[in-house]
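Only one structure is covered here, and it is reproduced in the block below.
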Amino acid sequence: MVVVALISLAVSASPAMGQSAPAPYSAQLYQAPVVRPFEPPSNFGRVVEEGDGGGDRTLRVIRAPVAVENYSRSYEHAPSRADNAYDAGVDNAERNMDARMGPLDGRWRLKDGEGRTLMTVSLMDQGTSRPLEGAYRTGDSAAEVGPLTADRSSGALVLEMDSGRVALTPSGEGWTGTLDQGGRQRAVILVR
């Protein structure tokens with residue numbers, strides 16, 4: 001996920017992007033999800049749906065343009081039970097993955113006191129039992145991109161990156177705190 005976060009931040013960066021030196025990663029290798037979105041049974045596609053009773057299951061080839069006025073029914077055929085089962089499986093797998101992720105998972109913006117975006121942060125939160133990982137991209141003309149390490153403990157969140165450190169505490173709309181960069185501190189807020 002860290003690699004995906006770095007790639008998404010790098011792709012959305014400006015063309016004149018300066019990158020920091022490579023950093024060692026502690027990211028885990030990709031593992032296939034425990035539950036796949038849809039696994040068809042062994043008789044998939046050979047079962048006649050209830051009520052259809054062996055009628056013509058294919059649509060006729062359109063040989064000429066058809067005017068809208070010539071339609072007497074729906075413009076598209078209704079989805080089959082297999083289509084519905086597949087869609088439900090994909091939706092269920094997405095909900096299950098989202099349920100396993102923690103509240104910090106996703107993209108965030110770090111803004112200064114005047115509302116300017118200082119950097120975009122992408123975090124992967126797999127719950128409190130797993131380490132919080134992520135990447136950042138600065139919003140200035142240099143557009144620095146790199147990994148960050150995060151530490152959350154007792155209601156505080158600390159983000160460490162090449163160019164500085166952000167110490168945050170929860171607030172109403174996100175997280176508030178300070179950005180310490182080059183010995184200079186300034187108030188910041190982390191919001192979605």
Criterion violated by residue 114 - all others in (1) part of a strand (DSSP E or B); (2) over 25 Å from residue 99 (Cβ atoms); (3) among the acidic types (Asp, Glu) satisfied: (1)
Restricting the range 124-147 to residues that are touching an Asp or Glu at 6+ places or on another chain (Cβ under 6 Å) and of a type in the set (A, V, I, L, M, F, W, C), the residue that is nearest to residue 105 (Cα to Cα): 124
Matching residues in the range 164-182 - criterion: being in a loop (DSSP other than H, G, I, E, B) and either at pLDDT 90 or above or charged (D, E, K, R) (or both): 173
Residue within the range 168-176 that is within 19 Å of residue 133 (Cα to Cα), buried (at least 19 other Cβ atoms within 10 Å of the Cβ) and of a type outside the set (Asp, Glu) present: yes
Enumeration of residues in the range 137-163 that are farther than 15 Å from residue 189 by Cα and not in a loop (DSSP other than H, G, I, E, B): 137, 145, 146, 147, 148, 149, 150, 151, 152, 153, 160, 161
Identity of the residue in the range 92-106, within 23 Å of residue 149 (Cα to Cα), modelled with pLDDT of 85 or more and not aliphatic (A, V, I, L, M), that ends up surrounded by the fewest Cβ atoms within 10 Å (Cβ to Cβ): 103
Members of the range 77-90 found to be farther than 19 Å from residue 41 by Cβ and either in a helix (DSSP H, G or I) or hydrophobic (A, V, I, L, M, F, W, C) (or both), listed by number: 78
Among (1) within 30 Å of residue 162 (Cβ to Cβ); (2) modelled with pLDDT under 85, the one test that residue 72 misses: (1)
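Within the range 121-132, does at least one residue satisfy the condition of being touching a strand residue (DSSP E or B) at 6+ places or on another chain (Cβ under 6 Å), of a type in the set (S, T, N, Q) and farther than 30 Å from residue 37 by Cα?
No, there is no match, as no residue in the range 121-132 is touching a strand residue (DSSP E or B) at 6+ places or on another chain (Cβ under 6 Å), of a type in the set (S, T, N, Q) and farther than 30 Å from residue 37 by Cα.
The values are calculated or read from the model by the stated rules, or taken from the named source; none is laboratory data. Computed from a predicted model, the values in this text were never measured in an experiment. Glycine gets a Cβ as well: all are built from the backbone with ideal geometry, and neighbour counts include every protein chain shown.
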